[in-house]
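The values are calculated or read from the model by the stated rules, or taken from the named source; none is laboratory data. All values derive from a computational prediction rather than experimental measurement. Note that each Cβ is placed from the backbone with ideal geometry, even for glycine, and that neighbours are counted across all protein chains shown. For the accessible areas, the whole protein counts, side chains as well, though only heavy atoms, and no ligand, DNA or RNA atoms are used. Shrake-Rupley method; radii C 1.70, N 1.55, O 1.52, S 1.80 Å.
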Amino acid sequence: MSNRIIDFQIPQSLVMGVGASKRLPDILKKTGVKKVLIVTDQGIVKASLVPLICEPIEAAGIGVAVFDGVEPDPRIEIVSACVSAFQAAGAEAIIGLGGGSSIDIAKVASIVAAQSGLAGDYIGIGKVPGPGFPHFALPTTAGTGSEVTPIAVLSDTTAHLKKGIVSEYLYPRAAIIDPELMVSVPPSVTAYTGMDTLTHAIEAYTNRFAAPFIDAFALETIRLTGRHLRRAVTCGIDIEARAGMARAATLGGMCLGSVNTAAVHAMAYPLGGTYNVPHGLANTVLLPAVMEFNMPSNLDKFAAIAEALGEETCGLSTREAALLAIQAVKDLSVDIGIPQGMRYLGIPQDAIPTMAEGAIEVTRLMGNNPRTITVKDVQKIYENAY
Ligand SMILES: [Fe+2]
């Protein structure tokens, strides 16, 4: 697949570094908007980040309203509530401030507020009919990488599944990535979101549709995660580790628009949709078992993952090095305190066949898996990850 033509897009502007969020008022002034809606959640409100962002915007003469009703793994209905807040405020732009959930709601609300139709109409690839209001992303976790992707994931509580909207109109006008906004993230969330980043990179790098240009981002994401995640979890105020993980999350996100993820993410959907397991945690418990299944599809790449994670592969056969990649991912997950198996997440074992049927239907991602995968394989992988 190395000759495949890739279409690589990112936000118009990417502002990154410690203190980057201080640039937001100037960025907004350039767009000429008079009022913005900040979309966020209660965790961010409690961490006192809202005034930190709002006050400089107001000081620049731009009005601010706040919608703080985003929930983890948000339901599609939250988009409508956010659009109502946007219209009631008379806002002209939207700022997603928070983890992937807030950024995703902001993305979709910017579209729904400008186009006719509901969020549910846009589920799938390329279903969004046109651009939305300008929207900006300020991630506070590292992360989903949503600030640099054309993807938003919402929970359909009727179908008990997560559903994705994929459209070039979902790229934010600017992504502002400031590690200082991430220092108050609790260790468990740092661990889950960091492993989500690692999963993006591993799934893009080993993808059936992998592309050498994207491989460069993926390998650097894996390297940065191996180097910084333990420190970011165990000492949240370590700004160097936070900055390393912020870079990893953004680079990992840049793997998604052109290549995207595969079986791990597809199999994580039922865990999130039915059992409310946080996205990154669901990925982490599944990742080693999916790697074991996929490893024969490309030993060289799995060996390269071990190396990128900092493992010593000198003197090992390619297969031994590839196996080491799986062990390295397990070791990282143990070191940062993640439960080692689905059994610890409140998921009954007899739910596995139903979950496998749900996961195999996520063809948007399953079709990317490097090894052809059947519903029986999915069941077996769930069993191995239990
Ligand atoms: Fe993810």
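General remarks:
- Rounded D (µm²/s) - segment 187-384, Kirkwood Rh over Cα pairs, Stokes-Einstein at 10 °C, 1.306 mPa s: 96
- Here the gap between GLN42 and LYS29, fully extended at 0.36 nm per residue and compared with their Cα-Cα distance, gives a gain of 2.0 nm.
- Amide hydrogen neighbours beyond the local backbone of ASP68, cut-off 5 Å, H modeled: THR40
- Dmax and Rg, reported as Rg then Dmax, of the chain (C-alpha, Å): 19.8, 65
- For MET16, nonlocal amide neighbours, meaning residues 5 or more places apart or on other chains whose placed amide H falls under 5 Å from its own, are ILE177.
- Axis of helix 279-294 versus longest Cα principal axis of the chain: the two differ by about 30°, to the nearest ten degrees.
- A crude spin-label estimate for the pair ASN384 and PHE8, with each label 7 Å from Cα along the Cβ direction, gives 3.2 nm.
- When the alpha carbon coordinates of segment 13-182 are projected onto the principal axes, the ranges are 43, 29, 26 Å, largest first.
- Axis of helix 263-275 versus longest Cα principal axis of the chain: the two differ by about 60°, to the nearest ten degrees.
- The string of couplings for segment 325-330 from the Karplus curve (6.51, -1.76, 1.60, θ = phi - 60°) is 4, 5, 5, 5, 5, 4 Hz, one whole number per residue in order, with x for Gly and Pro.
- Segment 13-182, accessible surface, carbon-and-sulfur percent (1.4 angstrom probe): 54
- Carbon and sulfur %, accessible surface of segment 187-384 computed with the full protein complex present, 1.4 Å: 52
- Surface analysis of segment 140-255 yields an accessible area of 30 Å² per residue, using protein heavy atoms and a 1.4 Å probe.
- Compared with the dominant Cα axis of the chain, that is its longest principal axis, helix 239-253 is turned about 80°.
- Amide H to amide H, with H built 1.01 Å from N, VAL36 comes under 5 Å of GLY63, VAL64, ALA65, GLU92, counting only residues 5 or more places away or on other chains.
- Solvent-accessible area per residue, Å², over segment 54-128 with all protein chains present [probe radius 1.4 Å]: 36
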